[in-house]
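The values are calculated or read from the model by the stated rules, or taken from the named source; none is laboratory data. Quantities reported herein were computed from a predicted structural model and do not represent experimental measurements. Here Cβ is always computed from backbone atoms with ideal geometry, including for glycine, and neighbour counts include all displayed protein chains.
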Amino acid sequence: MKIKLTENIEKEFIKVSKEKQVFLEGNIIKLIEGSELFQEYLDTALKEDVKKREKRLQLTKVIQDQNEDLLKKAEENDQLMSELKEALQDAENAKKEALDDLDLMHKKTQFELINSIVNYALYVIVGTGIITTALYSMAIWYNSSETTLIGNTWSNLFGILLTNSFSIIGTIMGVKYANKSEDTKN
């Protein structure tokens, strides 16, 4: 079945094509028949339609290729994000381990410092006690008139040394107790 247009309509189509470069498109062109002048218009319209279809097809192919590239890039981005999350988790774990090691080193250093203080304090206490006892013993042995003075000094010195010993032990126990309290809070 062929479609026949009036002469005025044919002229309008030809006029629009010359002024605005707009032609009929699609399969309708194959169904229209007209005068010899309008047949030239239809042939031109068919050629223009083929050109436009080829351009659209090329554009579609370009868009499809771009979409494939975008999908590949999206997959790469997802993989990179996954690797980034893993690296971040590893870094956080390493940070936690480093902080734990630092805390352990800090506590070890404190323990070693306390141990050194206790050892030196004990050396001083024992040394002073031995020296004072030796002096008092010598004063008694040689029947010195200063025995009373040395005895009082020896008694006072041992009282002071004993008090200082308990003070040091109390301080050390307090530090240990404070460290245990901090550990239970963390």
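Which residues, taken from segment 24-51, are in a helix (DSSP H, G or I) and exposed (fewer than 13 other Cβ atoms within 10 Å of the Cβ)?
Listed by number, the residues that qualify are ILE28, LYS30, LEU31, GLU36, LEU37, GLU40, ASP43, LYS47, VAL50, LYS51.
Right, LEU113: in a helix (DSSP H, G or I), aliphatic (A, V, I, L, M), at pLDDT below 90 and surrounded by 10 or more Cβ atoms within 10 Å (Cβ to Cβ) or not?
So LEU113 fits the description; yes.
Determine if segment 76-92 includes at least one residue that is part of a helix (DSSP H, G or I) and under 30 Å from GLY170 (Cα atoms).
Filtering segment 76-92 down to residues part of a helix (DSSP H, G or I) leaves 76-92.
Filter again for under 30 Å from GLY170 (Cα atoms), leaving none.
No; the residues of segment 76-92 include none that is part of a helix (DSSP H, G or I) and under 30 Å from GLY170 (Cα atoms).
For segment 54-65, indicate whether the set of residues that are surrounded by 10 or more Cβ atoms within 10 Å (Cβ to Cβ), among the acidic types (Asp, Glu) and more than 30 Å from PHE23 (Cβ to Cβ) is non-empty.
no
Filtering segment 129-149 down to residues that are touching a residue at least 12 places away in the same chain (Cβ under 8 Å) and of a type in the set (Ser, Thr, Tyr), which residue is surrounded by the fewest Cβ atoms within 10 Å (Cβ to Cβ)?
THR133
Restricting attention to segment 150-158, does a residue exist that is in contact (Cβ under 8 Å) with a residue 24 or more places away in the chain and either surrounded by 12 or more Cβ atoms within 10 Å (Cβ to Cβ) or in a helix (DSSP H, G or I) (or both)?
Checking segment 150-158: at least one residue is in contact (Cβ under 8 Å) with a residue 24 or more places away in the chain and either surrounded by 12 or more Cβ atoms within 10 Å (Cβ to Cβ) or in a helix (DSSP H, G or I) (or both).
Those residues that are in a loop (DSSP other than H, G, I, E, B) and at negative phi, I need them from segment 10-23; list them, please.
Those that are in a loop (DSSP other than H, G, I, E, B) and at negative phi: VAL22, PHE23.
So that you can scan it fast, the table gives a plain yes or no per residue for (1) of a type outside the set (Lys, Arg); (2) in contact with a Leu (Cβ under 9 Å, 6 or more places away or on another chain):
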site	(1), (2)
LYS2	no, yes
GLN21	yes, no
PHE38	yes, yes
LYS52	no, no
ILE63	yes, no
ASP69	yes, no
ALA87	yes, no
ALA98	yes, no
